[in-house]
Amino acid sequence: MLKYQYLLTHDGVFLPTLAIIGTQWGDEGKGKITDYLAEGADMVVRYQGGANAGHTIKVGDEVIALHLLPSGMVRPGVISVIGNGVVVDCEAMGKEIEGLVRSGRSADGLRISDRANIVLPYHRALDGAEERARGNKGVGTTGRGIGPCYSDKMARSGIRMGDLLDEEYLRERLDTVLPIKERLADSLGEPLNIDRDELVRKLLEYGRTYRDKIVDSSVLIYDAIKAGKRVMFEGAQGTMLDIDHGTYPYVTSSNCTSAAICTGAGIPPSMVEQVIGVVKAYTTRVGAGPFPTELKDETGRKLLHQGEEFGTTTGRERRCGWLDLVVLRLAVRLSGLTSLAITKLDVLNDIDPIKVCVAYEIDGERVENFPGNASRLERARPIYEELQGWSSWSEETASLCRRGVEALPEAMRDYISYIERSVGVKAEILSLGKRRDETIDLRPDRWSIA
Ligand code: GDP
Ligand code: IMO
Ligand code: MG
């Protein structure tokens, strides 16, 4: 009963919070799904990752790519929060805000946690220097300084948004930290050459620019949920890039499962209600690391081109492969997914048969659970089941979607049911195109649970 105490509104209607989680290696379509669900939301919160993310939203014919800003920024009236668990690149954020303002949108609803760590120029430099030092064993990072910034956070060497409002303290922190970074960069053979006074000047300027937006976001979010506001949590990256549970070391430097919402937004687990896992109908991955269902053949090229699988942040070609249920089962277990949003179903048009990986064979043994060791994973051979494909449709996708799930090709409906049965979670949102109206919504009720 205690749980519901937080979530009952004045008139007794139960208003849950919604979390959007990537279930694969990122780029599942979280931006599209978050934007779609944000209609009617009061607040959208980012709680991990940084400007390494690339979330694409299509509004009419306009394509908007967001990296650091929550997707709520595209919906007027929504409060968009960058939580304490995010690492903030002020320069990248400034450019994104400029872009949104140029497109006629407002940044008035943006709030940034005073506890969020800042990505500094030396983090970007060290990201590159460390990747180069790894030689051909590099992670293939986005080069946005994410790893070095999170490392500093954990090593207690970080500078936080709130520090930008206190010149004396900021100088003291940089005086302590910068010499360590300089020595590290020297040892990698790539000296930093950072002018400390110039850096302080720039950081204080950011402080003045964002002064009104820097808040105690844990209080803001907690109070909003208590007041019955509709709050969404937008995940970045995906389960397989999670620092603990992903394909370590080929991962990002934050937790990408629903558990990260609590630490990264500063709210208790009892406030995370619905957890929607975004599942691309096949699999993609950018950067290095094991990918058991990767296709290096004609079908892989077809997925790349039909799915326009090019990185939103770095423009790199994404590696493509079949759907992997070992991965999806892991995502269901780690994040407690309550429903699925299956995206890019249209990309599988005219691919027949469709294969789905149900388990791996490693060293002659059938393996059902995702192995923790990258070298063991490199030896994993997918065990596939085959499903029937379907042909493309002739009518406009938006009009097909309006006719509902019954209008979809039978083989597509079978594919969806097969996924649901295999992981024991219902698909409540189906996406067949980039736009908002190319979506089928099977949720019984938008924001309330009966
Ligand atoms: P995110 O990082 O999870 O937000 O995903 P990205 O935005 O990086 O990549 C997903 C890409 O697929 C974007 O270009 C979206 O516009 C696009 N997309 C999303 N849903 C669909 C869909 O159902 N069909 C097609 N064809 N494209 C989609
Ligand atoms: P969204 O939110 C796909 C990958 C990088 C690299 C690894 C580590 O758009 O799904 P990092 O720069 O984080 O240290 O790089 O993680 N990566 C992503 N791949 N989508 C993302 O975000 C990613 N963010 C990081 O390619 O392999
Ligand atoms: Mg992306």
### Summary
Residues of the range 207-218 being in a helix (DSSP H, G or I), more than 8 Å from residue 266 (Cβ to Cβ) and not acidic (Asp, Glu), in sequence order, are 207, 208, 209, 210, 211, 213
#### Entry: the range 27-43 - residue that is part of a loop (DSSP other than H, G, I, E, B) and either aromatic (Phe, Trp, Tyr) or within 12 Å of ligand 1 (Cβ to nearest atom) (or both) and, of those, least open to solvent (accessible area, probe 1.4 Å)
28
## Note on the structure
Apart from one, (1) open to solvent by 40 Å² or more (accessible area, probe 1.4 Å); (2) within 16 Å of ligand 3 (Cβ to nearest atom) all hold for residue 251; the odd one out is (1)
### Query
Yes or no: residue 286 within 16 Å of ligand 1 (Cβ to nearest atom), surrounded by fewer than 24 Cβ atoms within 10 Å (Cβ to Cβ) and over 13 Å from the mean Cα position of the chain (by Cα)?
yes
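Here's the yes/no breakdown for (1) of a type in the set (Phe, Trp, Tyr); (2) closer than 30 Å to residue 228 by Cβ; (3) more than 15 Å from ligand 2 (Cβ to nearest atom):
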{"residue": "250", "(1), (2), (3)": "yes, no, no"}
{"residue": "257", "(1), (2), (3)": "no, yes, no"}
{"residue": "289", "(1), (2), (3)": "no, no, no"}
{"residue": "297", "(1), (2), (3)": "no, no, yes"}
{"residue": "301", "(1), (2), (3)": "no, no, yes"}
{"residue": "310", "(1), (2), (3)": "yes, no, no"}
### Query
Here are 342, 362: which of them is modelled with pLDDT of 95 or more and over 25 Å from residue 443 (Cβ atoms)?
362
### Task
Would you check which residues across the range 376-402 are free of Cβ contacts under 8 Å to residues at least 24 places away in the same chain and open to solvent by 70 Å² or more (accessible area, probe 1.4 Å) and list them?
376, 379, 394, 396
### Query
Any residue at all in the range 219-232 that is within 16 Å of ligand 1 (Cβ to nearest atom) and buried (at least 16 other Cβ atoms within 10 Å of the Cβ)?
yes
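The values are calculated or read from the model by the stated rules, or taken from the named source; none is laboratory data. Note that the coordinates shown come from a computational prediction; the quantities given were computed from them, not determined experimentally. Cβ sites come from the backbone with ideal geometry, for glycine too, and all protein chains shown count toward neighbours. These area figures cover heavy atoms from the full protein model, side chains too; ligands, DNA and RNA do not enter into them. Shrake-Rupley method; radii C 1.70, N 1.55, O 1.52, S 1.80 Å.
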